[in-house]
1. Give the residue, chosen from B:Leu110, B:Leu116, B:Leu195, B:Leu166, that is within 18 Å of B:Ala28 (Cα to Cα), under 25 Å from the mean Cα position of the chain (by Cα) and at pLDDT 90 or above.
2. Taking B:Gly423 as the residue in question, decide whether it is within 12 Å of chain A (Cβ to nearest Cβ), outside any loop (DSSP other than H, G, I, E, B), touching a Phe, Trp or Tyr at 6+ places or on another chain (Cβ under 8 Å) and not hydroxyl-bearing (Ser, Thr, Tyr).
3. Does B:Val367 satisfy the criteria of being over 16 Å from the mean Cα position of the chain (by Cα) and either touching a residue at least 24 places away in the same chain (Cβ under 8 Å) or surrounded by 24 or more Cβ atoms within 10 Å (Cβ to Cβ) (or both)?
4. State which residue is surrounded by the fewest Cβ atoms within 10 Å (Cβ to Cβ) when the search covers only region B:237-248 and only residues that are more than 13 Å from B:Ser318 (Cα to Cα) and touching a helix residue (DSSP H, G or I) at 6+ places or on another chain (Cβ under 6 Å).
5. Among the residues that make up region A:28-47, is at least one of them modelled with pLDDT under 90, within 30 Å of B:Ser165 (Cβ to Cβ) and touching a Leu at 6+ places or on another chain (Cβ under 8 Å)?
6. Could you say which residue among B:Ala144, B:Ala177 is over 29 Å from B:Pro238 (Cβ atoms) and either in contact with a helix residue (DSSP H, G or I) (Cβ under 7 Å, 6 or more places away or on another chain) or not assigned by TED's automatic domain parsing to the domain that holds B:Ala35 (or both)?
7. If I ask for residues that are in a strand (DSSP E or B) and among the small types (Gly, Ala, Ser), which ones from region A:181-205 would you list?
8. Quick one: in region A:151-178, of everything that is among the charged types (D, E, K, R) and at pLDDT 95 or above, which residue is farthest from the chain's Cα centre (by Cα)?
Amino acid sequence: MNTSIRRILVAGVALSTTIGLAACGSDSESDTASEPMDTSMAATPSTAGESMDSSGGAMTGLVGSGCAAYAEANPDGAGSVEGMSADPVATAASNNPMLKTLTMAVSGELNKKVNLVDTLNGGEFTVFAPVDDAFAEVPAKTIDTLKKDDKLLTQILTYHVVAGELSPDQVAGEQTTVEGGTVDVTGSGDDLKVNGANVVCGGVKTANATVYLIDQVLMPADAK
Amino acid sequence: MTKQSDQEKAELRPVRGALSGLVTAALALGVAELAAGAIGRSVAPAIVVGGAAIDRTPRWLKEFAIEQFGEKDKIVLLSGIFVTVALLAAVIGVIATRWRRIGLTGAACLGLIAALAAATRPQFEPIDVVPSLVAAVVAVLGLAWLLSLTAVGHSAGRRAVLGTSLLALAAMATGVAGRQIQNLRTDVAASRRALRLPRPALPAASLPEGAELNVPGVSSFYTKPADFYRVDTALSVPKLTTDEWKLRIHGMVGEELTLSFDDLLARPIVEHDITMTCVSNEVGGGLVGTARWLGVELAPLLREVGVDAKSDQLVGTSVDGMTIGTPVSAVLDGRSALLAIAMNGEPLLPEHGFPCRMVVAGLYGYVSATKWLVDLELSRFDAFDPYWVRRGWDQQAPIKTSSRIDTPRPLSRVKAGRIAVAGVAWAQHRGISQVQVRVDGGAWQEARLSAEVNDDLWRQWVWEWDAPSGSHTLQVRAADSSGEIQTEDRAEPFPNGSSGWQSVLVTVE
């Protein structure tokens, strides 16, 4: 009896190996079969490459103490970390519930002479994006000035942008902004600071830019 | 002793039966893989049953599956099929030890079901049933042989184990070999290398002088296939060889037609330069590109099959099930509408739809440019909503007149003095007649245009700017051949393409 069972077990192991191999061998070819994989992508025909990139890695590489809370408050949709990675930066910012004021400022809603949407969407940048709470601390008088002074608003906004995409491990140091002035990025990991402003959540990827949410509006030294 | 042994045998009979069924099924699948390899088509039983199952799965269930399993959904499905087959095979094996004929019939039925599944696939050819039928024969013979080994005699146990092990090894060997042969035979790269492009009966004219302005920083007139934008829903690039490719034209037609790739090549080959645009392109975006397309005119083909006068939508389906609907009137109105097999002198790249895709001038890709095209159905807009239309995008979407500043780059710093502001403008099937530029909201200035090649193509433009220092906003707009200026009204890509004048901030030092 024992031998019979053992023989059957041996045959069984040989068999399961065979089935295992057949299953593994099949999945590599399965996409040859006509399979309507047409429902799994984003709700807009965005570029496949971008969406594919975002599906795995968007959440990795983030720094800042506010990332977890942001991800929890925005688990999916266009304003989520993953959703933002599929859109160009100005579009992505407009879907972010913490960047309402900044979005108004760059899209001509604060000052109709200042519309940087195409500009910001059109190259590779690192953007320090002040959150709404940061704008709330700017004196009302200054905001009123910015509504009229398009040069000053443009100067302040471009002071928040650095050419080229800088990841969290590249961003530290003195960075020359597209405004011409420099910003000083200090610290590392979850404790990054930009000219003294705290990075709430940084390294957020959009289609064309890397974004660092910060808790203060940066002022260029020669702003007047 | 003998008595005890008999009793033992009776106890073990179901186990042996189940094992015989499993090993036989494994061998049948292995040999079928070999047969699929021999005919060079991906039609092994599990693959066709899986494909047929997906064909029949309701949309909500598909979406649920993709949500649950993501990209692993195919592996999950195939694993499910293998487990089901294993269970059925085991049950059949047990039944066969008692009712031999019923068991063997069951084994044959499994193979026949797979053959039926194969016959319902969109790419079906009669030879596709062969692997499944082979599996049926192997299953019957294998099971009968194993049963005969255990049926009688003193050393039945030993022989049964030897026989079972032997079949298991054979299953493994045939399965692996068959899989490898299929990988080789369905090698898209090899198929692409082997494709000799025919010479066009109607070659496109070479570019006239002045078609390119040669301003540094402006998009090159022809876009390299590797740089050409890619927007599709395929999670992995579908693999389709010229041998496997077939195009069925059916629906509201006089007579249905199926073309092989050789049939396609036997038709008059034409060449057209066409600029394509994706509906998702944002103002100033890069989802636009130009290529010289080689292929077969679609309009004569449709006239051959006889389009019903009531049919107003041509639905293209890709090998992975993507659907795209094009107005029949657009395809038949004399514009360039191709079944394209090559771009810029090379067979299509796999990610651009090898071996055959549709290209129609003047329409956004999501309503005209099916890749890996295998099926064209003459239908009606009120009868069928293709993929993107089901997601709220417009049924019909002609390309909007658009213009883009390529240089200087946004937020770049340039030296004061004479600067070339330049880019491209497109209004396919209408043509571009004018491009204007302005600085800081001032008066519009006329840009110089490149020579017009045909109205399906973009034109380059340049405007010389005496740039004073400071930060400046450049804006561009174009007019089509009717003189209509592109709208200033901003629109998001959804639901029928973006619009608005692009503006770019630069700093002049």
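The values are calculated or read from the model by the stated rules, or taken from the named source; none is laboratory data. Computed from a predicted model, the values in this text were never measured in an experiment. Heads up, the Cβs are rebuilt from the backbone with ideal geometry, glycines too, and the neighbour counts pull from every protein chain shown.
1. Working: B:Leu110 fails: under 25 Å from the mean Cα position of the chain (by Cα); B:Leu195 fails: within 18 Å of B:Ala28 (Cα to Cα); B:Leu166 fails: under 25 Å from the mean Cα position of the chain (by Cα).
Just a single option satisfies the conditions, and that option is B:Leu116.
2. Against the criterion (within 12 Å of chain A (Cβ to nearest Cβ), outside any loop (DSSP other than H, G, I, E, B), touching a Phe, Trp or Tyr at 6+ places or on another chain (Cβ under 8 Å) and not hydroxyl-bearing (Ser, Thr, Tyr)), B:Gly423 qualifies.
3. no
4. Looking at residues that are more than 13 Å from B:Ser318 (Cα to Cα) and touching a helix residue (DSSP H, G or I) at 6+ places or on another chain (Cβ under 6 Å), I get B:Thr242.
5. yes
6. Going through B:Ala144, B:Ala177 in turn, the sole match is B:Ala144.
7. Here is the first cut: in region A:181-205, the ones in a strand (DSSP E or B) are A:182-186, A:193-194, A:197-205.
Matches in region A:181-205: A:Ala197, A:Gly202, A:Gly203.
8. Just the residues of region A:151-178 that are among the charged types (D, E, K, R), to begin with: A:151, A:165, A:169, A:174.
Now narrow it down to the ones that are at pLDDT 95 or above: A:165, A:174.
Numbers: A:Glu165: 11, A:Glu174: 22 Å.
In this case the residue turns out to be A:Glu174.
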